[in-house]
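Just below is one structure, and these are the notes that go with it.
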Amino acid sequence: MKCLYTWVCLSAFVAAGVVASGVAVGQQAQVPAAQQPSTDAAPAAEEGALGEVLVTAQRRSENLERVPIAVTAVSQEMLDKVDVNDLLSLQVVTPGLSMSSWVGYAMTYIRGIGANFSNPGVENPIGVFVDGAYIERAKGGNLEVMDVDSVQVLKGPQSTLWGRNVTGGAILINTADPTLESTGQLNVEAGNLGRRSYDGVLNQALSDTVAVRVAARYREDGGYIRNLPDGYEFGWARNTQIRGKLLYRPNDDFSAVLQYERQDRKASQGANAQSLADVYCLLCAQSGYTHPYADPYDTAINKINGGTGIDSTNDFFNLKMKLALGAVSFESVTAYTDNYTLDVCDCDLTNIPPSAGGLHFIIPSTNKTFTQTITGTADLNERWATTFGIDYLDDKSTYELQPFVPKSNIDTTSVSPFAELTFRPGNGLSIIAGARYTSDTRDGHQVGGSVAHFSDNNVSPRFVIGYELGNVNLYASYNKGNKAGGINSPGTPLSIYLKETLASYEAGLKYLSSDHRVRASFAVFDYDYKDLQTVAIDQGSSGGPGSVRQPNAKLHGVEFDASWAATSFLDLFAGGLYESSEYKNFGNAGVQVVVYDSNGNPTGMAAGSEDLSGRSLPHAPEFSGFLGANVSGHVMSGWTGTLSAVVNYSSSYDFFPGAGGPLRFDRTPSYTTTRLSGSVKPDSGPYEVGFFVDNLTDEENIDFRFTTAPFGATQIISRPRTYGLRVSFSY
């Protein structure tokens, strides 16, 4: 009923906007999705129409409608309207994207492809790139999004152009570069549940060829899950972020941007609420509380490390240079990331201390990653174009699971040249063929323990046929993705696992109406997924991941994304994904099983196995989608207002293979979330006043569930309704 209610509310909101905005002025065009000028000629759009969207999905700047890849591109303007401050909330407006966060890292999935654990040697198959630099692991502050030009989500394997560990897709975060002008902005936000945010941007031209841009943010969210033993509130987070960029552009053929960014994140330890009956929990009889709790916003665990569960610092250095030599252009991206994260976890899910059998983890980890990418693009003539380059990565990481597993040191080196050729024979036809060769080497050793070595070479091909028919672009593609194999840490002893591969067959169309008022994309895909790197967890006495099992799977689905400038004052946008997925040969899968006594009564839980063949993959709901609207116009003489709303729906899905085991607890029910925001500003004036509401209908949605034999099962509920005001000043 709440799902139906929110969709009806949105329809009413749109209708009210149409009626109330009869005297509205034209809406501003959408912010472009990249800063580079397009190589495609686009007809001029009339006032109030959808703006041009440029993407870099094929490592060159192109109109979204010309790219034969399913891409969702979101501008900073749209991020502000739907209150997106980090990658976790980006899924609100991205079909097929599903994300959770636990123990300091992001669990990122696109179309059901992803990974629940992201440790050294076990990376996520969704690659994250910040200003062209590959981020090996989304730890701590790497989830924040601030002062961006665009965020692009590429669906399906992108290994040919973007490299290793993009089996299921890539997320490209392009932050705003300095411009040769002087501008500034300050934003202040305050709301309930301890919501506070202060961010600002200062862009200053130092000369005709040099400019600097500084962006900073402090964001805080208060706790909202009460700890019964002491009244402490878990769920709080504090993020500090500062970025400086220096631009040098002596002429139109050369530019260099030097960047430094520092992110610090502190957050409470996971608000793990024991959510199964006491009979399934090893220590519940000693805890003094009855489970599950009557209030989903209650828990009873130990406050370790003063309540701080994540303490992360991340330093990011990047130098991007561009050089045009006639028809050939080169880009070099040199980056270095230095991350330290300390995670703590009360993983027995009760307030029983370790001295009485409780299970506490302290997890320090580091990664120092150097990457170098050189890319060349050339338009040889009207018929031929090419993209070529090479990627290099050197990563040194450590991971420790105190007090059970000693420190693991994992060193990774990867070299991968790539090339792609485009042929346009005429009559709207285009043919793309390319491949990447990747050589990976990993070495690992545990302090006082085992050693392991792994090396692998693979080829990732891409083949596309496209056809332009008026305002419609059709394409069919074959892509193969490879996720690097390597070493499973912090397993004891260290173990080797093989690479996983995904063969994708996709067909789609993209449409932009002649008047630029309707933009739509549609894609149908079929995935053949082999050797999935699936980690089985046993949080018993060893306290670490078990072996990596590598089953096969099949996925197929239909996805759409559309926007419509209905009038000069009303925009509508929507997207959705229908998908079917299943494991093909997942016998002996690691799960958490119920233990019974001789009379058939449950007495607890233990690590066990189950045949999960035929079951759906984690984070692969059968249907997910969103519907939104933006209204803007004059609200009174001399004042302009905006109002935005988006409703997001997802059917139920598993968090872990088999939903954790026969109890099927590790699963979220279907849910609906609604976001609403608006603002008013004078037609001439430096300020704007607005409001935001997240989780408008106050749904009790599940962020995360995880069964951990023999200790029971944890549940973390999402934040309740959050609302507040924001004020912006600019010059």
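See the values below:
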item: Only one of Thr341, Thr386, Thr398, Thr299 that is at pLDDT 95 or above and surrounded by 17 or more Cβ atoms within 10 Å (Cβ to Cβ); result: Thr299
item: Qualifying positions in the stretch 388-400 - in contact (Cβ under 8 Å) with a residue 60 or more places away in the chain and in contact with a Gly (Cβ under 7 Å, 6 or more places away or on another chain); result: Gly389, Asp391
item: Wholly enclosed strands (runs of 3 or more DSSP E) of the stretch 359-428 bearing at least 3 residues hydrophobic (A, V, I, L, M, F, W, C), within 22 Å of Asp456 (Cβ to Cβ) and out of contact with any helix residue (DSSP H, G or I) (no Cβ under 6 Å at 6 or more places or on another chain); result: 405-426
item: Members of the stretch 406-458 that are among the basic types (Lys, Arg) and over 19 Å from Ala476 (Cβ atoms); result: Lys407, Arg436, Arg442
item: Subset tally (residues that are at pLDDT below 95 and of a type outside the set (S, T, N, Q)) for the stretch 66-75; result: 3
item: Strands (runs of 3 or more DSSP E) completely within the stretch 112-162 that count 3 or more residues being over 18 Å from Tyr260 (Cα atoms) and at pLDDT 95 or above; result: 148-155
item: Flag for Thr492 being surrounded by 15 or more Cβ atoms within 10 Å (Cβ to Cβ) and in a strand (DSSP E or B); result: no
item: Tally of residues being free of Cβ contacts under 8 Å to residues at least 24 places away in the same chain and at negative phi across the stretch 413-452; result: 1
item: Single residue of the stretch 450-508 satisfying the filter (within 24 Å of the chain's Cα centre (by Cα), of a type in the set (Gly, Ala, Ser) and modelled with pLDDT under 95) that is farthest from Thr386 (Cα to Cα); result: Ser489
item: Neighbours by Cβ (under 7 Å, 6+ apart or cross-chain): first from the stretch 85-106, on the phi > 0 side of the Ramachandran plot; second modelled with pLDDT under 85 and crowded, with 23+ Cβ neighbours inside 10 Å; result: Gly104/Lys139; Gly104/Gly140
item: Per-region count, the stretch 614-647, residues under 30 Å from Thr708 (Cα atoms) and buried (at least 22 other Cβ atoms within 10 Å of the Cβ); result: 7
item: Within the stretch 260-277, tally of residues that are in a strand (DSSP E or B) and surrounded by fewer than 22 Cβ atoms within 10 Å (Cβ to Cβ); result: 4
item: Test: residue in the stretch 623-633 that is of a type outside the set (D, E, K, R), under 30 Å from Ala49 (Cα atoms) and more than 28 Å from the chain's Cα centre (by Cα); result: yes
item: Subset of the stretch 80-91 [under 11 Å from the mean Cα position of the chain (by Cα) and in a helix (DSSP H, G or I)]; result: Leu87, Leu88, Ser89, Leu90, Gln91
item: In the stretch 272-287, the residues that are small (Gly, Ala, Ser) and in contact (Cβ under 8 Å) with a residue 60 or more places away in the chain; result: Ala273, Ser275, Ser287
item: Unmet criterion (only one of (1) in contact with an Asp or Glu (Cβ under 9 Å, 6 or more places away or on another chain); (2) surrounded by 20 or more Cβ atoms within 10 Å (Cβ to Cβ); (3) modelled with pLDDT under 95) for Tyr280; result: (1)
item: Residue among Leu349, Leu325 that is of a type outside the set (Ser, Thr, Tyr) and in contact with a Cys (Cβ under 9 Å, 6 or more places away or on another chain); result: Leu349
item: Residue satisfying condition, being among the acidic types (Asp, Glu) and surrounded by fewer than 19 Cβ atoms within 10 Å (Cβ to Cβ), within set Asp611, Asp666, Asp654; result: Asp611
item: Residues of the stretch 188-201 classified as over 17 Å from Thr722 (Cβ atoms) and in contact with a Ser or Thr (Cβ under 8 Å, 6 or more places away or on another chain), total; result: 1
item: Residue in the stretch 411-421 that is touching an Asp or Glu at 6+ places or on another chain (Cβ under 7 Å) and under 25 Å from Ser61 (Cβ atoms) present; result: yes
item: Only listed residue being buried (at least 22 other Cβ atoms within 10 Å of the Cβ), in contact with a helix residue (DSSP H, G or I) (Cβ under 7 Å, 6 or more places away or on another chain), within 30 Å of Ser504 (Cα to Cα) and not small (Gly, Ala, Ser), chosen from Leu172, Leu143; result: Leu143
item: The stretch 302-318, residues that are surrounded by fewer than 17 Cβ atoms within 10 Å (Cβ to Cβ), in a strand (DSSP E or B) and more than 20 Å from the chain's Cα centre (by Cα); result: Phe317
item: Selection within the stretch 202-227 - closer than 30 Å to Pro720 by Cβ and free of Cβ contacts under 8 Å to residues at least 24 places away in the same chain; result: Tyr218
item: Tally of residues being assigned to a strand (DSSP E or B) and more than 23 Å from the chain's Cα centre (by Cα) across the stretch 205-227; result: 9
item: Residue, surrounded by the fewest Cβ atoms within 10 Å (Cβ to Cβ), within the stretch 594-607, restricted to residues that are at pLDDT 90 or above and under 23 Å from Pro657 (Cα atoms); result: Tyr596
item: Members of the stretch 663-683 that are over 30 Å from Glu189 (Cα atoms), of a type outside the set (Phe, Trp, Tyr) and not in a strand (DSSP E or B); result: Leu663, Arg664, Asp666, Pro669, Ser670
item: Qualifying residues in the stretch 189-201 (those that are charged (D, E, K, R) and touching a residue at least 40 places away in the same chain (Cβ under 8 Å)) - the one nearest to Ala256 (Cα to Cα); result: Asp199
item: Criterion (of a type outside the set (A, V, I, L, M, F, W, C), over 19 Å from the mean Cα position of the chain (by Cα) and crowded, with 18+ Cβ neighbours inside 10 Å) met by exactly one of Thr183, Thr160; result: Thr160
item: Residue in the stretch 588-607 that is closer than 23 Å to Gly678 by Cβ, in a strand (DSSP E or B) and in contact with a strand residue (DSSP E or B) (Cβ under 7 Å, 6 or more places away or on another chain) present; result: no
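Here is a yes/no grid of residues against (1) crowded, with 22+ Cβ neighbours inside 10 Å; (2) modelled with pLDDT of 95 or more; (3) in contact with a Gly (Cβ under 7 Å, 6 or more places away or on another chain); (4) closer than 28 Å to Thr492 by Cα:
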| position | (1), (2), (3), (4) |
| --- | --- |
| Ser332 | no, yes, no, no |
| Gln402 | no, no, no, yes |
| Ala419 | no, yes, yes, no |
| Arg424 | no, yes, no, no |
| Ser430 | no, yes, yes, no |
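The values are calculated or read from the model by the stated rules, or taken from the named source; none is laboratory data. Bear in mind the structure is a predicted one, so any value in this text is a computation, not a measurement. Methodologically, a virtual Cβ is constructed for each residue, glycine included, from the backbone with ideal geometry; neighbour enumeration extends over all protein chains shown.
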